[in-house]
Each structure stands twice: as structure tokens, then as C-alpha cells.
Amino acid sequence: MDNKINDDSNHRSIGGGAINEKPRLYQNKDEKSIGGGDVENSWNPRDNLSYMLHALVGLDRYPNYLSRFGDVSDMNALENALESRLSDVRRQRSEILERRNGIQQLVRKYILTNNGNDSGSHVSEEVEGSDNSMLWSHHPSLSPPKTWLELRARNILKEQAFKVAYKSISKSSLKKKQKAKSQKSQKQMLPTVEEIVNAKAPVDLDPALLEDWMCQEMFDVYSFPLLTNEFCSLVRKTLRELSALAETDEFSHLQLGRRVIDLDTIGLGWVTDLLFHLFIQPISRHLFSTSEKLADCGHTTGDVECDSETIPILDWRQGYVAGYSANPTTSKGATRHRLVPHTDDSEVTLNCCLGEENFEGGNVEFYGLRGTPEEGQLVGKVHRPNVGTALLHSGRHLHAVSNVSSGDRYALIVWARSWRNLRSNTCPCCWLNRRQDSTCICDKRWN
């Protein structure tokens, strides 16, 4: 059996397992063509990423960088390349804002259609512009929970996950309360779920509770029961019905089911925030401090050393749902059979299986961390993840999803990044290959 990575040349929009990136052109070292540009004048930063990066670094380092250009055509090529990228930004921004507004209308119609007779389930009138966060604010099952009692009563988290979070935060709050008494400070209260979701209260999870709750599947890959089957079924049902509504003439231009479904865009960003602040941030401080250097903040705030409990090592997140199926269709939001080996644009990735309960296949395979001797070699598999069970792993750990042979498999994915810390002093190349030292041109030594 060949355990090396195999490329997937199938880039169809429905089916297959290609990732959402531009196709790569791998050339032999003896080929003269560079980056697809004109062979006679191969310096073309629009088509060659390396040239573009060199130019950007040059502009940053040298006050009169363009004076080094002997040929005005090279200056023109750089200007055209930058204008082209700026045009891409403007186009994508316009398209995304228009699409988000359309999806907001789709979600509003869905809620009204499905809950029109329920006075407690009306669509909030507070929604304005592209802000979708209030769409579900009055929904009985998908509105953001505010209290610990509500979080438990809504049956969102599996019992052990809830206990790990609640007991850890209670213990931490008690310590703070005792310290506050000794300092004659104001009384410290247990933070609410709403405060945690809104990043108003840092969370520290008890390592002893984490050890009983989590399993190490392989190096840098951990699993733990997280979401209840009931909540997974609710999210899955909602996304399938939204995808089906998006197939109608009124909303077909949005192509909702053709792409992974972003939770912020459909107004369910609170789910991402809950998992990010309550679990991903605090767990990552314990599990990825060595392999991903997440415990080393790498900067100071004023004259104060960086405190990982108050200045989060992970400060950005995106949550979305990806669907795989033995019979992929856009109408159910499951457009792939599988997913080829790839790394994520994240420091840490959470992957929670939403089901369905009866799917077959869809194993998660891991092919080693970037920048290690194991890179590209199969190092382990997680066979048919259980519904509600989450995997937490380095985003730069190569991984794939095997072919779904029967049924549909949905996964809730959360990407977490460290912009203010790790990425603020690491260039994209060093970041991707997990090189971390002061020789990187983006390190504070150079800046």
C-alpha cells in the first residue's frame, strides 16, 4: 500500500475532492519558463508570487527601491501587478458583501417560513446591513445562549464537555475571588456564557479535567466528545434546508450549497465564538505550546510582558460547515466525495463531526506536520468519527478526508489564527513550513 500523498487532478465543482485553491503548476528544475510569464521578459510579479514578495520586501526595506530598476518596463510590470491585486480585492469585496446581503435575505425568509406561526421565533428587526448576528436572536433553539443554565438546558454541549468548562471556570473564579478578598477588591463573579462568547472573560481550563476528557489520537491530534447528537442534528437539518431554499430561482445566484457554509454569514457565528473562546483558546495553550510555539507570545504590550490569559495567543477564528456525500449535490450542501491532503490557513483547527449517523467512509487521514521528516507520509487515521466528537490539530498538519462511500457526512470546522503574536513576526513561507527563529525577515530583529 502506498502511504504517500496522491494529487487529485479532478477540479470539478461538484464531486471529487479538490481543495479550494488555485491549481499548482509544478515544473522541473531544468525548465526555463518562470511562473507562466513571458520567457523573453520573465520578471512578471503578477504571475510569479516570489517576484511579488521580493518587490514588497524591497519597498519595505529600501526608501528608493525602484531606483534599482534599470528598465522602466519592470516598474510598469510591478505597478500593473499591484493594481491587478488591488482590483481583485475590490472585486471580491463587492461580490462578498452582495452575497452576504443576499444570504441574509435567504435566512430571514427561512426563519419566517419555518417559524411563522411561532410568536417566539420571529426574525429580529434589529438586523441592519450585512450584520447577520441578530438573525436568530429570538429563535428558541438557535439563538445564542446567555447563561450556564440555558447552555445546559438547550443540550448543546455533551455532558462531559459542559462539566469540563463549568468546573474549570468555577474553580478559576473561586481563586480570583479569594485573591480579591485578600486585596479588598470588588467581588469576583462567575462569568456568564454571554460574556465568554463576546470575549469579555478569559477562560482557563483545568489540565486534570482535560486529561480525563481528551484522547491523543497521534502526535498533535486530539479527540474529545463535544456537541450533542441533538444539536448536531439541528445544525445539519438547518443547513440542508437553507441549501435547498438556495436552489430556488430567487436565491440560486448565491450558490450557497456549492461552497462551505460560513457560520458568520448565516448568523450563527455565536457557535464559532462559543467553541473558540470556551475550548480552542484555552486548550491550545496546553497542547500546542511546544509544537506550534503558541505559549510564546513573541511581543509585549507597552512595558508589560505578554500574558496569554489576558492577551490571547489565538485571536482570530472562522467557523464553517463542509459537506461530503456518496452522492454530492448542491441542494443538501454536500458537494464533495472526499478531500485531498492539504494544510489549513490556521494555527489550530477544530473538526467536529455533525453526522449523519449512518454515513460510511469519510475517515480523517493525517500525513505529518509541515517541516518535519514525516511530512507527506501517512502517520495515522481517525476512522469514521462519531457524531459530536471533535478533533483538534495543528492547521499545518497535512490531512485529508477519505471517500464517503454511503450517506452524507457534515463537519463543523473552526480555524484559529494568531495574528498579533505568531503571524506578526513570521513571513508566509516560514509560517507554512513551521520555521520559527530570528532569521525570518519579518521577525522583530529585522523590523
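Screening VAL379 with (1) open to solvent by 30 Å² or more (accessible area, probe 1.4 Å); (2) touching a Cys at 6+ places or on another chain (Cβ under 9 Å) gives one miss only, at (2). Regarding segment 4-17, can at least one residue be identified that is open to solvent by 70 Å² or more (accessible area, probe 1.4 Å), modelled with pLDDT under 70 and not in a loop (DSSP other than H, G, I, E, B)? Checked segment 4-17: at least one residue is open to solvent by 70 Å² or more (accessible area, probe 1.4 Å), modelled with pLDDT under 70 and not in a loop (DSSP other than H, G, I, E, B).
Any residue at all in segment 159-173 that's modelled with pLDDT of 70 or more, open to solvent by 90 Å² or more (accessible area, probe 1.4 Å), farther than 26 Å from GLY388 by Cβ and in a helix (DSSP H, G or I)? No, because not a single residue in segment 159-173 is modelled with pLDDT of 70 or more, open to solvent by 90 Å² or more (accessible area, probe 1.4 Å), farther than 26 Å from GLY388 by Cβ and in a helix (DSSP H, G or I). Screening SER308 on (1) open to solvent by 20 Å² or more (accessible area, probe 1.4 Å); (2) at pLDDT 95 or above; (3) under 15 Å from LEU422 (Cα atoms) shows it passes everything except condition (2). Going through (1) touching a residue at least 60 places away in the same chain (Cβ under 8 Å); (2) under 12 Å from TYR324 (Cα atoms); (3) of a type in the set (Phe, Trp, Tyr) one by one, PHE359 falls short only on (1). When ASP443, ASP437 are checked against the criterion of being open to solvent by less than 50 Å² (accessible area, probe 1.4 Å), closer than 28 Å to LEU49 by Cβ, more than 22 Å from the chain's Cα centre (by Cα) and not aliphatic (A, V, I, L, M), a single residue qualifies: ASP443. Just to be sure, is LEU391 more than 17 Å from TYR324 (Cβ to Cβ), at pLDDT 95 or above, open to solvent by less than 20 Å² (accessible area, probe 1.4 Å) and touching a Ser or Thr at 6+ places or on another chain (Cβ under 8 Å)? The answer is no for LEU391. For segment 243-254, check the following and say yes or no: at least one residue is open to solvent by 10 Å² or more (accessible area, probe 1.4 Å) and under 21 Å from the mean Cα position of the chain (by Cα). Looking through segment 243-254, none of the residues is open to solvent by 10 Å² or more (accessible area, probe 1.4 Å) and under 21 Å from the mean Cα position of the chain (by Cα). Among the residues of segment 118-141, is any open to solvent by less than 20 Å² (accessible area, probe 1.4 Å), in a loop (DSSP other than H, G, I, E, B) and modelled with pLDDT of 90 or more? Within segment 118-141, one or more residues are open to solvent by less than 20 Å² (accessible area, probe 1.4 Å), in a loop (DSSP other than H, G, I, E, B) and modelled with pLDDT of 90 or more. Of the residues examined, ILE313 is one that is at pLDDT below 95, surrounded by 23 or more Cβ atoms within 10 Å (Cβ to Cβ) and within 16 Å of the chain's Cα centre (by Cα). Considered as a group, the residues in segment 176-216 that are charged (D, E, K, R) and modelled with pLDDT under 70 include one that is most open to solvent (accessible area, probe 1.4 Å), and that residue is LYS184. Go through (1) surrounded by 20 or more Cβ atoms within 10 Å (Cβ to Cβ); (2) more than 29 Å from ASN433 (Cα to Cα); (3) of a type outside the set (Val, Ile, Thr); (4) touching a helix residue (DSSP H, G or I) at 6+ places or on another chain (Cβ under 9 Å) and name the single condition LEU278 misses. Failing condition for LEU278: (2). Against the definition (in contact (Cβ under 8 Å) with a residue 12 or more places away in the chain, farther than 22 Å from GLU292 by Cβ, of a type in the set (A, V, I, L, M, F, W, C) and surrounded by fewer than 21 Cβ atoms within 10 Å (Cβ to Cβ)), how does VAL340 come out, yes or no? Taking the combined requirement at face value, the residue satisfies it.
The values are calculated or read from the model by the stated rules, or taken from the named source; none is laboratory data. This one's a predicted model, so the numbers in the text were calculated from it and none came from an experiment. Glycine also receives a Cβ, built like all others from the backbone with ideal geometry; neighbour counts cover every protein chain displayed. Ligands, DNA and RNA are stripped out before the accessible areas are found, and what is left, the full protein with its side chains, is counted by its heavy atoms. Shrake-Rupley method; radii C 1.70, N 1.55, O 1.52, S 1.80 Å.
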